[in-house]
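Everything on this sheet refers to the single structure shown next.
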Amino acid sequence: MEDITGFLGSRPPFDAVGVGELARVAAVTEVEEFPAGKTIFSQGTGPVGSLRIVRAGSVEIIYDGQVLDLLGPGELFGHASMLSGLPTGFEARAAEDTLCYRIPADVIGPLLARPDFLLHRPLDRRRPHRGRGARAAGRPGPAPGRDADPHPAAGVLPR
């Protein structure tokens with residue numbers, strides 16, 4: 001459990017919670033191992049009952065068979081379906097041998113609902129690997145040495 005507590009506590013948004021709350025989350029966190037190519041959950045199933053965090057390895061986010069993103073250590077997934085109660089909008093698949101932490105909805109849900117937990121805390125400060133998913137799918141990613149636009153939809157959404 002010490003490894004789980006240390007890992008979560010070193011990454012947003014968990015780095016903003018108190019020691020006691022972090023220990024409570026870590027105590028119920030389950031460790032999952034997925035071999036490369038294993039589907040973690042399929043598109044359109046669910047809703048999922050937990051939040052997952054990539055601990056080691058990477059997870060492909062796939063929509064209609066196309067890789068949209070590649071999540072690395074510290075990144076969260078499954079929370080939209082968990083919070084909304086709707087089926088998953090994408091498939092999550094281990095891109096390589098992957099270790100995930102799974103936190104049940106009844107524990108993480110109340111934290112995610114708190115404005116001070118997420119509202120002013122980015123889920124990731126920098127995503128140096130952003131775009132690998134696009135490149136893996138045969139689409140160009142950001143130029144080497146440059147991060148992708150952190151707000152890719154900004155140019156297409158009405159203001």
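Throughout, read-outs are computed from the coordinates displayed, never taken from laboratory work. Being a predicted model, the structure only gives us computed values, none of them experimental. Here Cβ is always computed from backbone atoms with ideal geometry, including for glycine, and neighbour counts include all displayed protein chains.
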Fill in: Positions within region 14-37 being within 21 Å of A92 (Cα to Cα) and surrounded by 14 or more Cβ atoms within 10 Å (Cβ to Cβ), in sequence order
T29, E32, F34
Practice prompt. Give just the number: which of (1) farther than 22 Å from A113 by Cα; (2) aromatic (F, W, Y); (3) surrounded by 16 or more Cβ atoms within 10 Å (Cβ to Cβ) does F77 not satisfy?
Written response: (1)
Response to the item:
Filter region 46-59 for residues that are within 12 Å of the chain's Cα centre (by Cα) and not hydrophobic (A, V, I, L, M, F, W, C); the one that is surrounded by the fewest Cβ atoms within 10 Å (Cβ to Cβ) is R55
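Each row is one residue, and each column tells you yes or no for (1) within 12 Å of D97 (Cα to Cα); (2) under 15 Å from the mean Cα position of the chain (by Cα).
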| residue | (1), (2) |
| --- | --- |
| V28 | no, no |
| K38 | yes, no |
| F41 | no, yes |
| G44 | no, no |
| L70 | no, yes |
| G74 | no, yes |
Discussion item. Checking Y63 against (1) touching a residue at least 40 places away in the same chain (Cβ under 8 Å); (2) out of contact with any His (no Cβ under 6 Å at 6 or more places or on another chain), only one condition comes out false. Which one?
Written reply: (1)
Worksheet entry | Tally, over region 14-42, of residues that are in a loop (DSSP other than H, G, I, E, B) and of a type in the set (A, V, I, L, M) | 2
